[in-house]
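Have a look at the structure below before the remarks.
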Amino acid sequence: MTAAPLARINPVAQLVSIVVVTVVLLVSVDPVTPAIVVAAELALLPAAGLRSPAALLRRTWPLLLGAASVGVVNVALSGTATPLAGLGLALRVLGLALPGVLLVASTDPVRLADALTVHWHVSTRFAYGALAALRLAPLLAAEFETLRLARRTRGIEAGRNPVAAGRLLAGAAFALLVGAVRRGSRLATAMDARGFDSGIVRSNARGSVLRRRDAVFVAGTVAVCAVAVAVSLAGGTWHPIFAGG
């Protein structure tokens, strides 16, 4: 289990906070609200154990690329969108995705499964199936690196040819997909053999407790979102999505 300070927060409390942030950012289309929310999320990155720039970049480069693409594409294809509006859309993407990065980086999947079954009474079949999937996810990254190195050893490289690079990437993705399906089938058979699909109500050996700090964390999330909306309102930039126009 990670020793990151954010790991002390119950996963259910983190999920509730994610819902609060998601609702606020989906409603607001102005750039100020997501900017304040993203700033607060970035401040939590060290608490999730993402202190070094290299670790942060490894976790977030797809988000940065996706957010930049959303902003640029909307400005380029829309005749009315301004660069400020594109920045607002990019910030919304970051604000919606970063909480997931914080959750994954700081939370033990076992604690997440326990919290879901204890507090939200989620089906154990679903919760521990999701747990198994999270446990297997790092293996995909390791297998991709192994496949890349094996192809490189055999002299199969794209060089500077983007078409060849895309073709090699597609082949690697297909190989990973086939391996993941086979591993998932074996895992499902093993779980069924151990009674995960018996229908009998299962007990929980570790348990999950909601503490005062969890309530404080959720309240802090609500406060940050409220401040973001209040600042946007005070600055005259608040523009809810249901207002249209």
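Can you tell which of 184, 207, 195 is loosely packed, with under 13 Cβ neighbours inside 10 Å and touching a residue at least 12 places away in the same chain (Cβ under 8 Å)? Before you say what the answer is, go through the steps one by one.
Values: 184 fails: loosely packed, with under 13 Cβ neighbours inside 10 Å; 195 fails: touching a residue at least 12 places away in the same chain (Cβ under 8 Å).
The unique qualifying residue is 207.
Looking at region 225-235, which of its residues are surrounded by 15 or more Cβ atoms within 10 Å (Cβ to Cβ) and either within 14 Å of residue 16 (Cα to Cα) or among the small types (Gly, Ala, Ser) (or both)?
If we filter region 225-235 for residues that are surrounded by 15 or more Cβ atoms within 10 Å (Cβ to Cβ), which is where we start, we get 225, 228-229, 231-232.
Answer for region 225-235, where residues must be surrounded by 15 or more Cβ atoms within 10 Å (Cβ to Cβ) and either within 14 Å of residue 16 (Cα to Cα) or among the small types (Gly, Ala, Ser) (or both): 225, 228, 232.
Taking the conditions exactly as written (outside any helix (DSSP H, G or I), within 25 Å of residue 113 (Cα to Cα) and modelled with pLDDT under 80), does residue 207 satisfy them or not?
Numbers: outside any helix (DSSP H, G or I): yes; within 25 Å of residue 113 (Cα to Cα): yes; modelled with pLDDT under 80: no.
The answer is no for residue 207.
With the checklist (1) surrounded by fewer than 12 Cβ atoms within 10 Å (Cβ to Cβ); (2) outside the structural domain of residue 119 (by TED's automatic domain parsing); (3) free of Cβ contacts under 8 Å to residues at least 12 places away in the same chain in hand, flag the one item residue 216 doesn't pass.
Every listed condition holds for residue 216 apart from (1).
Of the residues that make up region 218-227, is at least one assigned to a loop (DSSP other than H, G, I, E, B) and either at pLDDT below 95 or in contact with a helix residue (DSSP H, G or I) (Cβ under 8 Å, 6 or more places away or on another chain) (or both)?
Filtering region 218-227 for residues assigned to a loop (DSSP other than H, G, I, E, B) gives none.
No, there is no match, as no residue in region 218-227 is assigned to a loop (DSSP other than H, G, I, E, B) and either at pLDDT below 95 or in contact with a helix residue (DSSP H, G or I) (Cβ under 8 Å, 6 or more places away or on another chain) (or both).
Table: residues versus (1) part of a helix (DSSP H, G or I); (2) of a type in the set (A, V, I, L, M, F, W, C); (3) out of contact with any Asp or Glu (no Cβ under 8 Å at 6 or more places or on another chain).
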site: 87; (1), (2), (3): yes, yes, yes
site: 99; (1), (2), (3): yes, no, no
site: 102; (1), (2), (3): yes, yes, no
site: 111; (1), (2), (3): yes, no, yes
site: 145; (1), (2), (3): yes, no, yes
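The values are calculated or read from the model by the stated rules, or taken from the named source; none is laboratory data. The model shown is predicted, which means the values in this text are computed figures rather than measured ones. Neighbour counts run over all protein chains shown; Cβ positions are idealised from the backbone, glycine included.
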